[in-house]
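S.K.: Before I ask anything, let me first share the structure, which is written out below as structure tokens.
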Amino acid sequence: MSLEESRRDYEPCSHANWEMPAQTESSVVASLQAEARPVRVAIVEDHREFREYLLALISGTEGFECLGSFRSVEEALPKLTSSVPDVMLIDIGLPGMSGIEGIRLFKERSPEILFLTLTIHDDDERIFDSLCAGASGYLLKKTQPSKLVESVKEAAQGGAPMSPEIARRVIKLFREIRPPERAEYNLTPHETRILKLLVEGHNYKTAATKLGVAPTTINFHLQNIYQKLQVHSKTEAVAKALRNRLI
């Protein structure tokens, strides 16, 4: 099914807080680059019509493979053992276990999975809890289809996609958090420059362009940065840099 077909065949649902949009990187990065394979995606969403819309969108877009769509964390956990997704689209308000609890469980079992929360909720507590649990990005369900596909790809390439409204709230949230005394992590000047670019919103590709180096060079330095900061994702690195005033 093509993207246009998924848009045409989709009927708006009666969900009170969601409307159909108007248009229809890490070990994961290295693996995708080496194998030149599609980005593997899993969906955890309890709202049937929105879940089917996501399935049609991902399955109908070249360069993506959907490993499954599930209505709950409890349903997804036993079925995503042999085939592990690169990126998981997960709702927060799920029946039974919440999406935030699900992220923590999946991260314990498969830390390489990248999570994008896709939700109607834009309050500070849920945003903060999701990112602390290990989410790589936070998108609202009203995100345009083309932007949603772009965000999944960006996450797989080491980015931290967020809806504009969420990005503003995250910046405001971090500004309100009083940072501790500056900690030292023995970052080199070059690593510090890269970390500053991450904080400014760059992914590994745009950072490479900015510094005039190859993306693989940025990816190499990112692994060193993650190891020194003892984090596993760009989102965690940015959060730690802001909290500890590393830039």
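Throughout, read-outs are computed from the coordinates displayed, never taken from laboratory work. Just so we're clear, the structure is a prediction, and the values are computed from it rather than from any experiment. Cβ atoms come from the backbone with ideal geometry, glycine included; neighbour counts cover every protein chain shown.
S.K.: Could you put Met162, Met97, Met88 in order, starting from the residue whose Cβ has the fewest other Cβ atoms within 10 Å?
M.R.: Least crowded to most crowded, the residues run Met97, Met162, Met88.
S.K.: For Phe64, which sequence-distant residues (separation of 5 or more, or a different chain) have an amide H within less than 5 Å of its own amide H, given hydrogens modelled in the peptide plane?
M.R.: Placed amide hydrogens put Val39 under 5 Å from Phe64.
S.K.: Next question, about the same structure. Remind me, relative contact order of the range 184-243 in percent, using alpha carbon pairs under 8 angstrom and six or more residues apart?
M.R.: 37 percent
S.K.: Using θ = phi - 60° and the Karplus relation 6.51 cos²θ - 1.76 cosθ + 1.60, list the HN-Hα couplings for the range 213-220 in order, rounded to whole Hz, with x at every Gly or Pro.
M.R.: Each residue's phi maps through the Karplus curve to give 10, 6, x, 5, 5, 4, 4, 4 Hz.
S.K.: Can you run phi through the Karplus equation (6.51, -1.76, 1.60; θ = phi - 60°) for the range 154-163 and list ³J(HN,Hα) in whole Hz, with x for Gly and Pro?
M.R.: Listing the rounded values in order: 4, 4, 5, 9, x, x, 9, x, 9, 4 Hz.
S.K.: Further, regarding this structure: Could you list Tyr53, Tyr138 in order of exposure, starting from the residue whose Cβ has the fewest other Cβ atoms within 10 Å?
M.R.: Tyr53, Tyr138
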